[in-house]
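*Asks:* Mind looking over this structure? Questions follow.
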Amino acid sequence: MVELGAAFVLVAAVISRVLLSRFGIPSIVTLLAFGLVAGPSGFDLMHLDLTNPGTRALLQLAVVVVLFEATLRMDLRGIPKATIAVMGILGGGMVLFIVPSVAHAYHLSDLLGSMIAAICIVTGPTVIGPLMARLRPRAPVSHLLESEGLVLDALGVIVAAAVFASYTSRPGTPLDTTWHITERVGAGLVVGLAWGFVGRIVLALTSRSTSDVSKMSVLFLGFAAYASAEALAHESGLVAVVACGLLLDFRLLPHERLLRAFKEDLSMLGLSTVFVLLASQIDVQQLAPLVAPAAAIVGVLVGIRVISVALATLRSPFNIRERALMASVFPRGIVAVSLATYYATQIPAWGLHGGAQLAGILFLVVVFTIAISTPLSIFLTMRLRLQLPAVIIAGITPATLETARRYKQTGHLPLLVDSDEHAVALARSHDLEAAAVEEQAAVVELVRARHAKYLVVESPERWSVPSVTVLTAAQAREMLAE
């Protein structure tokens with residue numbers, strides 16, 4: 001049965017990738033649907049006991065991979081830090097203050113209310129990224145939303161660890177509890193930062209080795225940070241993973257693209273495991289009593305989102321239409337599901353109750369927020385005319401760099417692609433979006449994923465891409481001059 005489950009997870013991962021690239025459907029939606037089909041609400045194919053130590057260890061490792069990859073993607077350069085700080089502190093604080101009261105009104109325990117609130121701080125970068133690629137707002141808007149998601153994910157992991165520590169500490173005075181929380185979170189931060197500094201040295205040394213050595217080194221760093229922190233203080237491993245990932249930087253490595261592709265593939269396998277296993281344990285009939293509290297919590301999250309965005313962008317350069325779009329983007333995704341799965345298994349392991357309710361409510365919160373946020377943001381983008389026409393430019397040369405700059409000045413969203421990583425780095429140094437691709441098929445996938453209006457190439461006769469205008473660089477310049 002375990003072998004069947006593993007095969008099912010891999011099939012779900014492949015199909016989710018296809019649906020994401022072809023139709024822009026977030027992977028989380030496909031994976032959760034597969035989990036429901038495999039669980040008691042569907043064909044009842046998977047019977048895994050999430051309280052079993054072996055199963056819990058597998059899930060913990062999958063969560064480590066997912067969180068580590070998400071943190072490694074964080075790049076805080078060039079973002080309005082004050083805006084994100086207000087959105088994170090104000091929004092996160094309001095969630096921690098209000099959501100437990102809503103949970104208590106529906107007779108949920110203090111533990112459940114606090115854990116739900118802590119996990120609801122995080123957003124959904126894996127959902128926001130594809131959504132931004134489809135909406136195509138101005139670069140500052142998409143960059144802010146994606147960066148906010150990554151920052152809040154790291155913050156949510158730390159807050160959730162602190163909240164769980166407060167409920168699993170030995171009975172004592174408030175000072176004892178505070179010390180116990182500080183010990184766990186602090187141990188995770190110290191160990192993670194230490195491994196992050198070690199990782200910088202290791203990656204610098206492996207830059208002269210093959211990419212395989214660098215791949216294994218990165219994987220070792222994530223697991224080493226988790227294992228070391230857990231050995232020092234139980235339940236501090238996730239904090240250590242996030243702290244370690246924050247210090248690592250792939251940008252200076254000669255095989256950056258290979259490393260990023262490796263960690264993204266590994267993360268896809270990890271999140272597929274987490275999502276499918278969580279959903280496979282959920283019985284839709286047992287979710288009925290949880291729909292009302294989950295809907296109430298989502299309603300609170302929507303209100304908090306509107307208030308936090310309005311206050312955070314009060315003196316920002318974003319116009320009222322862009323602020324409305326920001327307020328509509330509030331999906332919960334990969335980290336929320338990962339934390340829900342992790343703590344749903346840890347709660348019974350500590351002799352506490354409510355693990356199944358925690359997983360069920362957060363499952364519904366994720367589904368509801370995606371179901372509301374995605375169509376609402378698409379509607380607002382179209383209605384408020386915020387979508388920029390996308391342009392894919394194949395080949396990076398001084399001429400195409402100038403073409404990309406001119407497209408950007410005329411309100412387009414250009415993406416330069418090339419197989420040479422040095423050329424990609426050059427384009428990025430000119431503040432232009434660029435990506436490394438190896439084959440023509442990958443360029444076509446980008447055209448489809450971004451719903452591009454134009455494709456600028458050297459030899460148009462070699463390309464056959466439906467529903468897109470293929471131009472030479474000269475034709476593009478003539479069009480821009482008109």
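The values are calculated or read from the model by the stated rules, or taken from the named source; none is laboratory data. Not measured: the values here are computed from a predicted model. Reconstructed Cβ throughout: ideal geometry from the backbone, glycine too, with neighbour counts over all protein chains shown.
*Asks:* How many of the residues in segment 416-459 are of a type in the set (D, E, K, R), more than 22 Å from S27 (Cα to Cα) and either buried (at least 17 other Cβ atoms within 10 Å of the Cβ) or touching a residue at least 60 places away in the same chain (Cβ under 8 Å) (or both)?
*Replies:* The first filter runs over segment 416-459 and keeps only residues of a type in the set (D, E, K, R), leaving 418, 420-421, 428, 431, 433, 438-439, 445, 448, 450, 453, 458.
Cutting the leftovers down to more than 22 Å from S27 (Cα to Cα) gives us 418, 420-421, 428, 431, 433, 438-439, 453, 458.
Of the ones still in play, those that are also either buried (at least 17 other Cβ atoms within 10 Å of the Cβ) or touching a residue at least 60 places away in the same chain (Cβ under 8 Å) (or both) are 418, 421, 433, 453, 458.
Matching residues across segment 416-459 total 5.
*Asks:* Follow-up question, since we're still on this one. Examine segment 392-402 for a residue that is assigned to a helix (DSSP H, G or I) and crowded, with 18+ Cβ neighbours inside 10 Å, and state whether such a residue exists. So that I can check it myself, show each step before the final result.
*Replies:* As a first pass, look at segment 392-402 and keep what is assigned to a helix (DSSP H, G or I): 398-402.
Subset that is crowded, with 18+ Cβ neighbours inside 10 Å: 400-401.
Scanning segment 392-402, I find at least one residue that is assigned to a helix (DSSP H, G or I) and crowded, with 18+ Cβ neighbours inside 10 Å, so the answer is yes.
*Asks:* Only residues in segment 149-166 that are touching a residue at least 12 places away in the same chain (Cβ under 8 Å) and assigned by TED's automatic domain parsing to the domain that holds H353 count as the first member; pair them with residues that are surrounded by fewer than 23 Cβ atoms within 10 Å (Cβ to Cβ) and of a type in the set (A, V, I, L, M, F, W, C), Cβ under 6 angstrom, at least 6 apart or cross-chain, and list the lot.
*Replies:* L150/M74; V151/I84; A161/V185; A162/I181; A162/V185; A165/I181; S166/I181
*Asks:* Picking from R305, R332, R323, R315, which residue would you name as being more than 29 Å from L111 (Cα to Cα), of a type in the set (K, R) and either touching a helix residue (DSSP H, G or I) at 6+ places or on another chain (Cβ under 8 Å) or surrounded by 17 or more Cβ atoms within 10 Å (Cβ to Cβ) (or both)? Outline the logic, then answer.
*Replies:* On the way: R305 fails: more than 29 Å from L111 (Cα to Cα); R332 fails: more than 29 Å from L111 (Cα to Cα); R315 fails: either touching a helix residue (DSSP H, G or I) at 6+ places or on another chain (Cβ under 8 Å) or surrounded by 17 or more Cβ atoms within 10 Å (Cβ to Cβ) (or both).
Result: R323 is the single residue among R305, R332, R323, R315 that is more than 29 Å from L111 (Cα to Cα), of a type in the set (K, R) and either touching a helix residue (DSSP H, G or I) at 6+ places or on another chain (Cβ under 8 Å) or surrounded by 17 or more Cβ atoms within 10 Å (Cβ to Cβ) (or both).
*Asks:* Also, I was wondering about something else. Give the residues of segment 423-476 that are in a strand (DSSP E or B) and either among the small types (G, A, S) or more than 18 Å from Q409 (Cβ to Cβ) (or both), sorted by residue number.
*Replies:* Just the residues of segment 423-476 that are in a strand (DSSP E or B), to begin with: 434-436, 454-456, 469-471.
Listed by number, the residues that qualify are A434, A435, A436, L455, T469, V470.
*Asks:* Here's something else I'd like to know. Can you confirm whether A473 is surrounded by fewer than 19 Cβ atoms within 10 Å (Cβ to Cβ), touching a helix residue (DSSP H, G or I) at 6+ places or on another chain (Cβ under 8 Å) and modelled with pLDDT of 80 or more? Talk me through it step by step, then tell me what you get.
*Replies:* On the way: surrounded by fewer than 19 Cβ atoms within 10 Å (Cβ to Cβ): yes; touching a helix residue (DSSP H, G or I) at 6+ places or on another chain (Cβ under 8 Å): yes; modelled with pLDDT of 80 or more: no.
So A473 fails the test.
*Asks:* Now for a different question. Only one of these is surrounded by fewer than 15 Cβ atoms within 10 Å (Cβ to Cβ), assigned by TED's automatic domain parsing to the domain that holds G129 and within 22 Å of L111 (Cβ to Cβ): A292, A310. Name it. Outline the logic, then answer.
*Replies:* Working: A310 fails: within 22 Å of L111 (Cβ to Cβ).
None of the others qualify; the one that does is A292.
*Asks:* For segment 374-381, does any single residue satisfy the condition of being part of a loop (DSSP other than H, G, I, E, B) and in contact with a helix residue (DSSP H, G or I) (Cβ under 8 Å, 6 or more places away or on another chain)? Outline the logic, then answer.
*Replies:* Just the residues of segment 374-381 that are part of a loop (DSSP other than H, G, I, E, B), to begin with: none.
No, the conditions are met nowhere in segment 374-381.
Here is a yes/no grid of residues against (1) within 21 Å of the chain's Cα centre (by Cα); (2) over 30 Å from V291 (Cβ atoms); (3) not charged (D, E, K, R):
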| residue | (1), (2), (3) |
| --- | --- |
| E322 | no, yes, no |
| S328 | yes, no, yes |
| T345 | no, no, yes |
| H353 | no, no, yes |
| L364 | yes, no, yes |
| V367 | yes, no, yes |
| P389 | no, yes, yes |
| I396 | no, yes, yes |
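*Asks:* Only residues that are more than 26 Å from L362 (Cβ to Cβ) and assigned to a helix (DSSP H, G or I): list them for segment 310-338, please.
*Replies:* Passing the criteria: A310, L311, I320, R321, E322, R323, A324.
*Asks:* Which one of the conditions (1) closer than 30 Å to S338 by Cα; (2) touching a His at 6+ places or on another chain (Cβ under 7 Å) does L362 fail to meet, given that it meets all the rest?
*Replies:* L362 satisfies every listed condition except (2).
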